Amino acid sequence: MAMITSARNNPWPLDVPIKDWKKSGLPKASVLRMKFFTIDHRLILEKIGTVSSADAIKMRKYFLKLFGDLL
């Protein structure tokens, strides 16, 4: 899992702005925060949306910047 938070919060290094946030089903402008964690799949209640292809490509670039040496 990765954290998605309001764009109004203080920025962190490697925050990825979600450009198509409305199309993604988010209630307000948001960012993907490079703060990864695991969660038991039974705790996920529903899927609320999907990021656009353009946002997914941008997120992948940031992910590779963060974890590229480990892959």
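Those residues that are in a loop (DSSP other than H, G, I, E, B), touching a residue at least 12 places away in the same chain (Cβ under 8 Å) and over 16 Å from MET3 (Cα atoms), I need them from the stretch 49-71; list them, please.
SER52
I'd like to know if the stretch 27-34 contains one or more residues that are touching a Phe, Trp or Tyr at 6+ places or on another chain (Cβ under 6 Å), in contact (Cβ under 8 Å) with a residue 40 or more places away in the chain and not acidic (Asp, Glu).
no
Looking at the stretch 6-48, which of its residues are within 20 Å of PHE67 (Cβ to Cβ) and either assigned to a strand (DSSP E or B) or touching a His at 6+ places or on another chain (Cβ under 8 Å) (or both)?
Once the filter is applied, which keeps residues that are within 20 Å of PHE67 (Cβ to Cβ) and either assigned to a strand (DSSP E or B) or touching a His at 6+ places or on another chain (Cβ under 8 Å) (or both), the stretch 6-48 yields VAL16, PRO17, VAL31, LEU32, ARG33, MET34, LYS35, PHE36.
Taking into account only those residues within the stretch 31-71 that are surrounded by 11 or more Cβ atoms within 10 Å (Cβ to Cβ) and of a type in the set (Val, Ile, Thr), which is modelled with the highest pLDDT?
VAL31
The values are calculated or read from the model by the stated rules, or taken from the named source; none is laboratory data. Everything quoted here is computed from the prediction, not taken from an experiment. Neighbour counts run over all protein chains shown; Cβ positions are idealised from the backbone, glycine included.
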